[in-house]
1. It is to be established whether one or more residues within region 159-169 are assigned by TED's automatic domain parsing to the domain that holds Gly270, in a loop (DSSP other than H, G, I, E, B) and of a type outside the set (A, V, I, L, M).
2. Right, Ile234: β-branched (Val, Ile, Thr), surrounded by 17 or more Cβ atoms within 10 Å (Cβ to Cβ), farther than 20 Å from Gln203 by Cα and at pLDDT 90 or above or not?
3. Select from region 200-224 the residues that are in a strand (DSSP E or B) and not β-branched (Val, Ile, Thr) and write down the one among them that is farthest from Phe235 (Cα to Cα).
4. Sort out which residues of region 234-284 are in a strand (DSSP E or B), touching a helix residue (DSSP H, G or I) at 6+ places or on another chain (Cβ under 8 Å) and among the hydrophobic types (A, V, I, L, M, F, W, C), and write them in order of number.
5. Looking only at region 152-200, how many residues end up being farther than 24 Å from Glu111 by Cβ, under 22 Å from the mean Cα position of the chain (by Cα) and not small (Gly, Ala, Ser)?
6. Under 6 Å between Cβ atoms, at least 6 apart or on separate chains: pull out the pairs that start in region 116-127 with a residue that is within 12 Å of Leu93 (Cα to Cα) and touching a residue at least 12 places away in the same chain (Cβ under 8 Å) and end on any residue that is of a type in the set (Val, Ile, Thr) and in a strand (DSSP E or B).
7. Could you identify the single residue in Thr106, Thr99 that is surrounded by fewer than 18 Cβ atoms within 10 Å (Cβ to Cβ) and within 22 Å of Gly146 (Cβ to Cβ)?
Amino acid sequence: MANFTPERSDAIRANLINHVAENPAPRRRRALWAAGFVLAGLVAGAGASAGAFAATGMLTATPAQPSGQPTPAYPDAVAAPPGVTPGAPIIALLGDPITETFDTTTQISLEDRPAAATHARVTMTPLSPGSLNWGTDAGGNNPNGGWGAQDFSSGRDLSAWYDYPLDDTVHTLYLNPTDFSAVVTVQYITQIPTHLGVNANGQTYGVEGSIEGRPDLIRAIGIAPDGTQVVGYIFASELDGSSPDHPGLPSSPDEALRWQKETQEKYPNGWTVPVYTSDGTTQIGTFQING
């Protein structure tokens, strides 16, 4: 991958910011938004806690990567333009996508790519039930996906995508299916990171997965008082607790099990946390957490 000179970074940054400002990007789906999909090295969803809860609302995040994967040479972060949530990258497509149907072990070359590409966006559209290990690590340190027969009968969109970081060590995409067939699409992209926002109270806000770390207020989709979906922010600390009664982390495995039992007994249907605007004060809805 070519290095980003200051001149190249400035030119790409200016062009992309102008493009996004004029054409606000749609909200990005959470990484790997597919039934039954498991990504090694990534907790996708509300995050892990001692209570092992799951969120029935939806957090929005930038795609994370398995441990040991390369780190691309990002240009410097910029302020998020209109249409881009603070902390989410500005994304531009580069060149034409590559599409291939496969049902056996397959390798796709990533050598012939635009110099400005920081990631390869790989989209998987399954054609049959099965499982798949797919990624840029020849040794298999890659995401693993599984689609069952019940997924195909659900009527849901089963496609999933992941942004694989690129550097000069990445040359090949490895697809290792087990009783599985799919259409794979590779689209090269440039990502320019954006800064998290900071509100009047000094709290950071934006998406989970920002290169600047975890914000105090994480962008999420909750439910407004009238029952419609609402986009806002929830405090990260609200996600870290085991329950409303135990906002911190347990000090031992025994305490974790005790807290989990208490939570299941006291909150069998879960609990809600407030969804705020970016000021962290104005409540606009709630976010459901299942215990």
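1. No, region 159-169 contains no residue that is assigned by TED's automatic domain parsing to the domain that holds Gly270, in a loop (DSSP other than H, G, I, E, B) and of a type outside the set (A, V, I, L, M).
2. No; evaluated as a whole, the condition is false for this residue.
3. The qualifying residue farthest from Phe235 (Cα to Cα) is Gly222.
4. Once the filter is applied, which keeps residues that are in a strand (DSSP E or B), touching a helix residue (DSSP H, G or I) at 6+ places or on another chain (Cβ under 8 Å) and among the hydrophobic types (A, V, I, L, M, F, W, C), region 234-284 yields only Val273.
5. 8
6. Filtered contacts from region 116-127: Ala116/Thr190; Thr118/Thr190; His119/Ile189; Ala120/Val186; Arg121/Ile189.
7. Thr106
Matching residues to (1) in contact (Cβ under 8 Å) with a residue 24 or more places away in the chain; (2) assigned by TED's automatic domain parsing to the domain that holds Thr101:
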{"site": "Gln187", "(1), (2)": "yes, yes"}
{"site": "Gly202", "(1), (2)": "no, no"}
{"site": "Gly206", "(1), (2)": "yes, no"}
{"site": "Gly209", "(1), (2)": "yes, no"}
{"site": "Asp216", "(1), (2)": "yes, no"}
{"site": "Ile221", "(1), (2)": "yes, no"}
{"site": "Ala224", "(1), (2)": "yes, no"}
{"site": "Val230", "(1), (2)": "yes, no"}
{"site": "Ile234", "(1), (2)": "yes, no"}
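The values are calculated or read from the model by the stated rules, or taken from the named source; none is laboratory data. Predicted model only: the values in this text are computed from it and were never measured. Heads up, the Cβs are rebuilt from the backbone with ideal geometry, glycines too, and the neighbour counts pull from every protein chain shown.
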